[in-house]
Structures are given as structure tokens and as C-alpha cells.
Amino acid sequence: MEGPRCLEQGELGSLETLVDTVFMPGKTGVMRHAFPALFNEDNRANLLVYSEEGRIVSHVGRTERWASLGGCTVRVGCVGAVATYEEYRGSSLASRLLERTCRDADASGVDFLMISGDRGLYRRAGAVSVGLDYRLVLNRSEAERLRSADYQVQPYEAADLPVWMEAYERKCAHFIRPLEDWNWALETRLCQLVASEFLSVTLKGAVCGYTVSHVSNRDGACVVAEYAGDDAAIVSVLGLLMERHNTQTVRMHVQGTQTALIGMLAKAGVLMEPVHANGTLLVLDFPRFGDRLRPWIASQVGMASAAALSVREEEDRIYFEMGHERMDFASRADATEFVFGNHQRGRGHGVFARAFPAPSLWYGLNYV
Ligand SMILES: CC(C)(COP(=O)(O)OP(=O)(O)OC[C@H]1O[C@@H](n2cnc3c(N)ncnc32)[C@H](O)[C@@H]1OP(=O)(O)O)[C@@H](O)C(=O)NCCC(=O)NCCS
């Protein structure tokens, strides 16, 4: 067995066979088509594998992207397509690839990993569910109540891209997408492995936002996997989306930082279910990440407190200090839940309760 190591030139085909066999049995080329950001020659250094006699048998892959959390630029590793052939499972191959992923990503300055799954493999490494987010579910009559005739939808056209980009970048927590990410999504018209409808939202004919939606083959609901634009515009077109997709329900993830949208829905009497962002998250270097978040912390508790923030990691314990206030955590997992928020955990105390949680990301088109 050879590994853990990076994928070498000429091995992409063998890796594709592994991930297609595991995730799309009987089909070929599907995973590479669905995840071009992950499976391309330029990303080989981020595709970690084990091989036996030249055949790739286990894989943990990632993309690395910048993101903005409340204006702070952070480096994110999105981990996905984690797979081991059945006959090689249970020998800790994936666990060792994940360990190496953490080391490599840390060395290249990644602040945290977003992992598109939740299982022992990831939890043992310290990954947890985070994000004080919500799930909006509406039926047709509820969506009808929120509808305004001023807003319409129309198929995406190339000239709309600058508005899509600008609308997406207005989110408090968003990926800083290279143009390639937009182009790949717009070429494949896939989001989270599913064929999706890419629609521009218009206000009196002018593009002001967008939705990317599909019909869930699990429960037949219309799922809005990504959206951006004025809150009123998005809420107004949910009924139109249901009509287009001929569904009775629409479902949409609302990031906890979308306070105006949450307020608007609450005012309209719409109840939302508290949920976490999907997958799990693993912070790699707490002191470095604390430093990156300093501008956000200053925006929440003022410059003096933010300047006083010190984050230390000693023998697996994590200590946060701001002035004379202090919080400590028994594990990285506990500290991560605190930093990004978890519906089942407390909010901390004093200045920490005001400084955190930090904004958390939603994958949308960046899902791997
Ligand atoms: C998930 C998958 C990649 C694991 O590959 P693997 O090489 O067998 O992984 P490992 O041997 O490192 O770990 C497998 C299991 O062994 C056990 N294990 C391994 N090392 C362990 C350890 N040190 N302590 C305790 N349990 C351990 C765990 O039960 C683990 O499964 P879990 O994640 O359900 O807890 C493989 O089962 C697979 O390809 N599944 C189908 C695709 C899939 O579901 N991918 C993940 C998407 S989220």
C-alpha cells in the first residue's frame, strides 16, 4: 500500500473510477463532471490518496478557497468525495488521509475545514456541527401571502453575472469565489450534485438577485440551494419557484447572520426550524483563526476588547481571554462549537457572548 500521498499526474482516471464506483455505482464520469473544482489537474496537491499496485483505493479531497466572515478574510478547506473501496474499508485509510489533510491544510494556512458529512471519521478528528441557522419551509398559501407582483424570475443570461456576484458578495458570510467557480456552476448547471434551475430575480424587469433550485427526489419539495439579493425579492419569488417546479412545498436554508430576512419572516408570522449549516467543521489553528477574526470581534465588542483577545492552545485545551474575562474548552470540538455557535450549546458569558458566534458559511455552489 502506498500513501498517504498527493495524487500524481496521470492518476485522475483511477481516482474517478474510485469515486464513481462508491458514489455513483454503474455510472462513469459523473463525479468529475459534478465537482470540477475538486477533480482537476491543478488541484492534485489537495487530493490525498492511498494506492495499491497503481490503483487508487482510498481518497480524501479538498478545495481551498478564501471566504469572508463578517469582513474577515479566512482560508477554508472544503473536504468531500471521501471514499474507500469496500474491500479496503475499516483499516483506517480514510482516517489517516484525513489526518494528513489536516496537516497539509494547516501548513498552507487554511483556518478550518468544512466537511460535507457527519460521521465518526470526522468527529474523531474534532469536527462538529455549527451555525445558528434556520430552515424555512413554506407551503403554497404561505408563499402566496409573501408574494409581490413586482418581482419575477427569468432564466439566467450571461449579462446577469455581475449582479449575481455582487448580490452573493453582500452576504455577511460568503466564499470569495474565483471566476472559475461561477463558470463551472453555470456550465454544468449542477448544485450539490443535482441538476438545478438557475434563475435571475427581477424587480420591474431589472435583475436584482437570483435563486438556484431543484426538486428533491426524496420528498418532492422545491429546494433553494443558493440564493442572493434583496430579502424582499427572494421571499417574494418562492411561490413562483413552486409554480415552476410544480411542487407544494419550498425549502430554503437561512444563515443566522441574515438578520433582516429572519426579522421579515418573523414579522410575517413564519416559523423557522433552528438547524446547523450542513456537514461538520474543524478548526485547524485556533490562535491564527482568532487573529483572523479580530476585525469582526471589534465590530461586535469594540476595538479595545478585540485588541485584547488572546487565544492559546495548550495540550488540547483551548483558552480564550479578553481583558480579565476568560473561557476555556476541553477540546477543539467544544471550542469550535462555541466560536461558530451550536443550537444545543450555551452562548458563553460576558464579552464572549457578545463577540461570538462568528458568522458561518453555507456551501451553496461551493459544495464538494
Ligand atoms: C466512509 C469511508 C470513506 C471510510 O473509509 P475507511 O477507509 O474504511 O475509513 P476508516 O477505516 O478510517 O474508518 C472506518 C470506520 O472504522 C472505524 N474506525 C477507524 N479508525 C478508528 C479509530 N481510531 N477509533 C475508532 N473507530 C475507528 C470507525 O467506525 C469508522 O467509521 P465511522 O466513520 O462510521 O465512525 C468508507 O466507508 C466509504 O467509502 N463509504 C462510502 C462513501 C461515504 O459514505 N463517504 C463519506 C461521505 S460523508
Given Leu284, Leu241, Leu12, which one lies farthest toward the positive end of the charge dipole of the chain, if we put +1 on the Cβ of every Lys and Arg and -1 on the Cβ of every Asp and Glu?
Leu241
Taking neighbour counts of Cβ atoms within 10 Å as a proxy for exposure, in what order, fewest first, do Lys204, Lys171 appear?
Lys204, Lys171
Cα gyration tensor of region 133-275, axes a ≥ b ≥ c as square roots of the eigenvalues: rounded (a/c below 1.5), prolate (a/b > b/c) or oblate?
rounded
Candidates His324, His214, His245: whichever shows maximal mean-square fluctuation once the chain is modelled as a Gaussian network with Cα springs under 10 Å
His324
In order through region 27-32: 3J(HN,Hα) via Karplus (6.51 cos²θ - 1.76 cosθ + 1.60), integer Hz, x for Gly, Pro
10, 10, x, 5, 5, 5
GNM top mover of Ala308, Ala143, Ala81 - the chain, alpha-carbon springs below 10 Å:
Ala308
Sequence-distant residues sharing a close amide H with Phe112 (under 5 Å, placed H):
Arg75, Gly77, Leu284
Cβ-based exposure ranking for Thr21, Thr336, Thr202, in which fewest neighbours within 10 Å come first
Thr21, Thr202, Thr336
What ranking do Asp328, Asp106, Asp285 get, fewest neighbouring Cβ atoms within 10 angstrom at the top?
Asp328, Asp106, Asp285
Gaussian network model of the chain, Cα within-10 Å springs - most flexible of His349, His174, His59
His349
Report the extension gain between Thr259 and Ala330 in nm, rounded to one decimal, defined as 0.36 nm multiplied by the number of residues separating them, less their alpha carbon distance.
22.4 nm
If you place +1 on the Cβ of every Lys and Arg and -1 on the Cβ of every Asp and Glu, how big does the dipole about the Cα centre of the chain come out, in debye to the nearest 20?
800 debye
Once you list every other residue whose beta carbon is under 13 Å from the beta carbon of Ser129, what net charge do they have if Lys and Arg are +1 and Asp and Glu are -1?
-1
So what's the gap between the Cα centers of region 332-368 and region 180-215, to the nearest angstrom?
28 Å
Return the sequence-ordered ³J(HN,Hα) values of region 49-63 in whole Hz as given by the Karplus equation 6.51 cos²θ - 1.76 cosθ + 1.60 applied to θ = phi - 60°, using x for Gly and Pro.
9, 10, 10, 9, 6, x, 9, 6, 10, 8, 8, 10, x, 8, 9
Cβ-Cβ cut-off under 11 Å around Ile115, Lys and Arg +1, Asp and Glu -1: the net charge is +2
Which net charge results for the neighbourhood of Cys72, defined as the other residues with beta-carbon distances under 10 angstrom from its beta-carbon, given Lys and Arg at +1 and Asp and Glu at -1?
0
Can you give me the long-range amide H partners of Leu146? Hydrogens built in the peptide plane at 1.01 Å from N, cutoff under 5 Å, separation of 5 or more residues or another chain.
none
Summing -39500 (n - 2.57) over the DSSP H runs of n ≥ 4 in the chain and dividing by its residue number, what mean residue ellipticity at 222 nm do you reach, to the nearest 500 deg cm²/dmol?
-9000 deg cm²/dmol
For Cys191, residues with placed amide H under 5 Å, excluding near neighbours
Ser196
Restricting to region 133-275, what percent of DSSP beta bridges are antiparallel, rounded to 5?
90 percent
Using the Karplus curve 6.51 cos²θ - 1.76 cosθ + 1.60 with θ = phi - 60°, what ³J(HN,Hα) values do you get for each residue of region 255-268, in whole Hz, with x for Gly and Pro?
5, x, 7, 7, 5, 5, 5, 4, x, 4, 5, 4, 4, 7
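No lab work stands behind these numbers, since they all come straight from the coordinates. Note that the structure is predicted; figures quoted are calculated from it, not measured. All Cβ positions, even for glycine, are placed from backbone atoms using ideal geometry, and neighbour counts span all protein chains on display.
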